[in-house]
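Have a look at the structure below, then the notes.
The values are calculated or read from the model by the stated rules, or taken from the named source; none is laboratory data. Keep in mind that this is a model prediction, so the values were computed, not measured. Methodologically, a virtual Cβ is constructed for each residue, glycine included, from the backbone with ideal geometry; neighbour enumeration extends over all protein chains shown.
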Amino acid sequence: MALAMVPMALAADAEKPSAKPVSAKLAPAPGGAAAATAPKASNIQTGSVSHVEPSSKAVPLTGNVQAVGDHGKAYQAIVSQFRGSWQMFLQNPCHTGNSAIELPPIAQGKVRWTFPAEGPIDSSPAIYKGVIYVGSDDGHVYAIDERNGRMIWRSKLGDKVKSSPAVSDGILIVGCEDKHIYGLDPKDGKVVWSFATGDRVSSSPAVFESTAYVGGWDGIVYALDARTGKLKWQYPAAGLTQPTAAPTTAAVDPATTPETTPAAPLAPAKPLVLGRITSSPCVSATSVIVTSQDNSVYSLSTKDGSLHWQFKTRGRLMASPMIMESTVYLGSWDAGFYAIDISTGKQRWKIGAPSSFSIAATGANGKIFAGNDDLKMYCLDAASGRIMWKTQLNSPNPLLSSSPAIAGNMIFCGSTDGYVYAIDSRNGAIRWKFKTQRAIVSSPSVSQSGVCIGSQDGNLYMIN
């Protein structure tokens with residue numbers, strides 16, 4: 001997929017254009033009481049934020065607004081629950097991609113085993129209790145023994161499985177391009193439940209506290225009970241509408257007009273729709289953060305899906321967001337990388353890059369690792385956005401497609417040149433690279449066994 005982006009210098013950018021007020025009409029939440037009309041909020045202009053102004057008399061934001069310290073504690077509590085495994089896309093619901101594993105240093109990555117699927121593997125593997133779960137374009141979800149690469153079971157779904165599985169609470173959850181989200185038994189692959197959406201699902205589920213959060217090509221974020229597949233809420237909710245024009249009254253001349261001209265009717269309400277969602281939501285204790293191809297980032301309540309805030313960039317958002325401490329990090333096709341306050345939706349900092357950001361960033365120890373479509377991996381200071389180092393990768397296309405996974409002082413990622421790269425996180429030096437036979441779109445997962453990644457050559461690789 002070739003991209004043509006206008007180059008710009010890498011520089012700090014903290015400009016925040018002002019915004020105009022709008023309002024939205026809320027429909028009843030699924031299975032709940034009717035919601036009140038939403039408060040007026042700042043409009044979403046390029047690079048700005050939609051949120052309730054502190055001086056406003058309107059109803060406060062739905063959900064609890066936590067202090068920075070509270071968010072930091074909640075973040076640490078979430079990621080600590082998932083240490084020692086890789087249960088979903090980018091390891092945990094916050095998408096930090098940090099395995100907290102120290103792999104022994106090696107001069108060259110070597111294959112421990114390979115597993116052949118019957119189609120390309122764009123899905124990223126989940127690793128839990130010695131079993132690897134991954135999807136394939138052949139329509140199967142596979143369970144593979146982590147030790148030797150032998151297949152334990154496979155389950156045939158209705159179409160390509162590009163979504164990355166998530167395993168939690170005795171259930172394996174994955175999206176499918178047959179427009180369904182599935183819950184499978186991780187022991188044998190049998191379908192426990194399925195949930196129909198309005199379009200294909202390539203978004204990867206984020207699962208936290210027995211709820212699976214998934215986006216769809218239909219522009220809807222779904223919150224499903226992980227055990228039963230029942231809908232808890234969706235955003236936009238059914239019946240939620242876009243703001244309508246205010247009524248107006250026609251001017252009347254009493255001398256010439258015997259009757260009063262009636263007020264102009266309200267414009268017909270249009271259903272609120274988001275752009276296509278191909279990214280994976282990330283989750284904090286109180287918020288679900290999702291990016292959409294309508295250029296916007298949305299913060300939703302984990303409780304009922306109500307909107308906390310909306311932040312609009314100047315380009316499509318293909319990459320999944322990440323939460324680290326009290327900040328949301330993400331890159332855009334506007335060639336900007338953003339740090340956004342998770343409580344308020346206000347921009348903390350932004351840097352400009354030579355090209356678009358198409359993959360999710362990951363982070364650890366105050367560092368952000370973000371791949372840009374100028375074919376460089378950037379290490380950024382999480383507090384300021386300052387560039388700490390950058391490393392050139394290779395690709396036949398101006399596109400990076402595999403998000404980095406972190407293990408100690410190393411990060412690992414794939415590329416469309418077919419290589420898996422091992423990069424020193426301290427200085428950006430490439431320690432080794434491993435060649436597969438075709439492009440890599442899958443993001444790696446890390447366990448004590450090594451680095452596990454899929455390739456469009458149809459193989460799943462365990463590299464140690």
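Across the stretch 120-137, not a single residue is classified as surrounded by fewer than 19 Cβ atoms within 10 Å (Cβ to Cβ), under 28 Å from residue 319 (Cα atoms) and among the charged types (D, E, K, R).
Residues in the stretch 126-158 that are on the phi < 0 side of the Ramachandran plot and not in a strand (DSSP E or B): 136, 137, 138, 146, 147, 148, 150, 157, 158.
Take the residues in the stretch 429-464 that are of a type in the set (S, T, N, Q) and under 23 Å from residue 279 (Cβ atoms), then tell me which one is surrounded by the fewest Cβ atoms within 10 Å (Cβ to Cβ). It would help to see each step written out before you state the result.
Going residue by residue through the stretch 429-464, those that are of a type in the set (S, T, N, Q) are 436-437, 442-443, 445, 447-449, 455-456, 459, 464.
Okay, now just the ones that are also under 23 Å from residue 279 (Cβ atoms), so 442-443, 445, 455-456.
On the way: 442: 29, 443: 29, 445: 30, 455: 25, 456: 21.
Checking each candidate, the answer is 456.
When residue 385 is tested against (1) touching a Ser or Thr at 6+ places or on another chain (Cβ under 7 Å); (2) assigned to a loop (DSSP other than H, G, I, E, B), only condition (1) is not met. Contact map, the stretch 92-105: first residue small (Gly, Ala, Ser), second residue surrounded by fewer than 24 Cβ atoms within 10 Å (Cβ to Cβ), Cβ cut-off under 6 Å, separation 6 or more or different chains; pairs are 99/407; 100/83. Taken together, the residues in the stretch 66-122 that are in a loop (DSSP other than H, G, I, E, B), more than 25 Å from residue 144 (Cβ to Cβ) and of a type in the set (A, V, I, L, M, F, W, C) amount to 3.
Against the test of being assigned to a strand (DSSP E or B) and of a type in the set (Lys, Arg), the options 232, 187 yield a single qualifying residue, 232. Of all residues in the stretch 288-311, none satisfies being crowded, with 24+ Cβ neighbours inside 10 Å, aliphatic (A, V, I, L, M), over 21 Å from residue 72 (Cα atoms) and modelled with pLDDT of 95 or more.
Residue-level analysis places residue 411 outside the set of residues that are in contact with a Leu (Cβ under 7 Å, 6 or more places away or on another chain) and among the β-branched types (Val, Ile, Thr). Are any residues in the stretch 328-344 surrounded by fewer than 21 Cβ atoms within 10 Å (Cβ to Cβ) and part of a loop (DSSP other than H, G, I, E, B), and if so, which ones? Listed by number, the list holds a single entry, 344.
For the stretch 139-161, the candidate set comprises residues that are out of contact with any Leu (no Cβ under 8 Å at 6 or more places or on another chain) and in contact (Cβ under 8 Å) with a residue 60 or more places away in the chain; within that set, the residue that is surrounded by the fewest Cβ atoms within 10 Å (Cβ to Cβ) is 147. The set of residues from the stretch 209-231 being touching a residue at least 60 places away in the same chain (Cβ under 8 Å), buried (at least 17 other Cβ atoms within 10 Å of the Cβ) and over 23 Å from residue 81 (Cα atoms) comprises 215, 216, 217, 219, 221. Contact map, the stretch 434-451: residues that are assigned to a loop (DSSP other than H, G, I, E, B) paired with residues that are among the charged types (D, E, K, R) and buried (at least 24 other Cβ atoms within 10 Å of the Cβ), Cβ distance under 8 Å, separation 6+ or inter-chain. Pairs shown: 441/122; 442/122.
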